[in-house]
Amino acid sequence: MTHPITLRVNGVPYPLGVDAHATLLNVIRDQVALTGSKEGCDDSECGACMMLIDGQPVNSCSYLAVQADDTEVTTVEGLAPDDKLAPLQEAFLVEGAVQCGFCTPGMLISATCLLRDNPHPATDEVRIALSGNLCRCTGYDGIVRAVLDVAASRSADPRSIARPAVSRHER
Amino acid sequence: MTGYIRANTVEEAVAALAAGARPIAGGTDLVVGARQGKQSLPDALVGIHRIPGLGAITETDAGIDLGTLVSHAAIVSHPAIRERYTALADASVLVGSHATRAQGTLGGNVMHASPAMDTGAPLLCLGGTATFATPSGDRTTDLVDLWTGPGETTAGPDELLVAVHLPASAQATGSAYVRLQYRRHMEIAVVGAAAAVILDGGAVTRAAIAITALAPVIRRVESAEQALTGTSGGAPAVEAAAQAAADAARPIDDVRASATYRRAMAAVVTRRAVQAAIARARGEEIPIPATESTQGSWR
């Protein structure tokens, strides 16, 4: 039995028929065909599938799509709506915060939430906020620097979307 | 019924439960458990996550009412809970990750009835009661009488938890929850303890102490409470209370720790929780979560 739902994904409405037990992650990847969000552990340990539902973070591998009916879903693809990278995405590139890239979509969503709720986090606050997102490549330092860079550039100029002034390679 | 329906009222939800459906809100236990292969998802589900009014935190003269859909994120950011029901904030801030705290509900935590869940010991120490909507009207029970075993409660399958109530706290009440954990996020307690104390003229006039992941259910330990009550809350009394809690522990071996380790750590977490609760009752600043502010060489 399928259930008719409408998901608004990154601002675009998708009328869908979903199985009651289908996860939001599988529906977004297989039916909406946005494959930025990743399946890592598939049981809510790793955060690679993290999305926003009505602005709130969710591990979409462990959330039923049918429950997201009539909500606004934001995936990593929605962070750069005009094909222009968001400041966090730029900072991830500059700081070498991406290696294999599998955790990156969830990291970006998670860090976007953090900076929205806490625009000027301390280093430890960044590490705690991102500790539901596992990265097996980078050792986290570049990711933490990228988030701090964006916070610092915003404090220097609230309108600024500039890339961080000093990259890892220039230090 | 099979499949999924979305309840728009408590009455619709209770009717669906009576017809055999199981409730789902944030899904952070039910769906995660299914993904882990512990238990497959129920054939019939009723989504309660959009029922209006169940997500409210309401302060009254009698205390504070927490709707069953109140998220851990809402608990953590609520000023009155941080100030007067601090142990609950200590617990909710440790639940899962910020995604879990945004979606996971207090009601789900309570009804999942895990002996390792974080909010249980604080709710017991703070005198929590649970109100259920049932086909024959509302009923209220002390949380002490709700949990009967791992994943087991006295609630019937057609009863929906709608709210948890915590009574008004006396002046100079301090409370704290402390756990041991392997990871800062996406963890439940390896062992944990909560304490709530009332001080009057420097003496402990009331003490509540509960232990987590140390018995088949989260439970109060009367002998530990007696060891603290009537004392000045100094080191010997705290140590006696911690030892009494450890003596009452009936831990198991599982994937997260051995029973031997848990028994050895029971006194440690209890001591930290009691010390932090007393310090807060005295007006000292012990940052939330107490789990982190009491680690290492603290005292």
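The values are calculated or read from the model by the stated rules, or taken from the named source; none is laboratory data. If you're wondering where the values come from, they're calculated on a predicted model, not measured in any experiment. Glycine gets a Cβ as well: all are built from the backbone with ideal geometry, and neighbour counts include every protein chain shown. Heavy atoms of the whole protein, side chains included, go into the accessibility calculation; ligands, DNA and RNA do not. Shrake-Rupley method; radii C 1.70, N 1.55, O 1.52, S 1.80 Å.
Numbers below:
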item	result
Rough spin-label spacing in nm, given labels placed 7 Å along Cα→Cβ, for B:Arg183 and B:Arg206	3.9
Residue of B:Ala195, B:Ala91, B:Ala80 that the Gaussian network model of chain B assigns the largest fluctuation, springs spanning Cα pairs under 10 Å	B:Ala80
Mean projected area in nm² (Cα convex hull; one quarter of hull surface) for the protein assembly as shown	23.1
Contour minus Cα-Cα distance for B:Ala15 and B:Thr154 (0.36 nm per residue)	48.1 nm
A:Asp19 - accessible surface, heavy atoms, 1.4 Å probe, Å² rounded to 10	80
Most mobile listed residue (B:Ala277, B:Ala116, B:Ala237) in chain B, GNM with C-alpha springs under 10 Å	B:Ala237
Listed residue (B:Gly151, B:Leu180, B:Ser223) projecting farthest to the positive dipole end of chain B, Cβ model	B:Leu180
B:Glu222-B:Glu284 FRET efficiency (beta carbon distance; Förster radius 22 Å; 0.05 resolution)	0.25
The stretch B:1-46, accessible area per residue, ligands and nucleic acids excluded (1.4 Å, Å²)	48
Simple spin-label estimate for A:Thr35 and B:Thr134 in nanometres, 7 Å along Cα-Cβ	5.3
All-pairs Cα distance distribution in chain B, expressed in whole percent, bin size 5 Å	1, 6, 13, 17, 19, 17, 12, 8, 5, 2, 1, 0, 0
C-alpha center-to-center spacing [the stretch B:27-79, the stretch A:1-47] in angstrom	22
Positive-end residue of B:Ser97, B:Tyr85, B:Ala113, charge dipole of the stretch B:58-125 with Cβ unit charges	B:Ser97
Spin-label proximity, A:Asn118 to the stretch B:257-299 - amide N less than 19 Å from point 7 Å beyond Cα toward beta carbon	B:286-295
For the stretch A:2-75, accessible area per residue (1.4 Å probe, heavy atoms of protein chains only), Å²	33
Per residue value of the accessible surface for the stretch B:173-291 (all protein chains in place, 1.4 Å probe), Å²	38
Simple Cβ-charge dipole of the protein assembly as shown, Lys/Arg +1 and Asp/Glu -1, about Cα centre, in debye nearest 20	1080
Cα gyration tensor shape of chain A, rounded if a/c is under 1.5, else prolate or oblate by comparing a/b with b/c	prolate
Percent accessible area from carbon and sulfur atoms, the protein assembly as shown, protein chains only, probe 1.4 Å	51
Backbone N within the stretch B:22-48 under 11 Å of label point (7 Å from A:Asp19 Cα along the Cβ vector)	none
Cβ-placed point charges (K, R +1; D, E -1), dipole of chain B about Cα centre in debye, nearest 20	860
Chain B: most fluctuating residue of B:Gly120, B:Gly283, B:Gly104 per GNM, C-alpha cutoff 10 Å	B:Gly283
Neighbour cut-off at most 13 other Cβ (10 Å), DSSP loop, trypsin sites (Lys or Arg not before Pro), the stretch B:1-67	B:Lys38
At R0 = 51 Å, FRET efficiency that the Cβ-Cβ distance of B:Glu239 and B:Asp43 yields, to 0.05	0.45
Sites excluded, chymotrypsin sites (Phe, Trp or Tyr not before Pro) in DSSP loops with at most 15 other C-beta within 10 Å, longest stretch of chain B	B:1-181
Spin-label pair A:Arg127/B:Ala56, simplified geometry with 7 Å Cα→Cβ offset, distance in nm	4.2
The stretch A:1-90: C-alpha gyration tensor shape, a/c 1.5 cut-off, then a/b vs b/c	oblate
Rg in Å to one decimal, and Dmax rounded to a whole Å, for the stretch B:173-291 via C-alpha atoms	13.6, 45
Shape category assigned to the stretch B:1-46 from the gyration tensor of Cα positions, a/c cut at 1.5	prolate
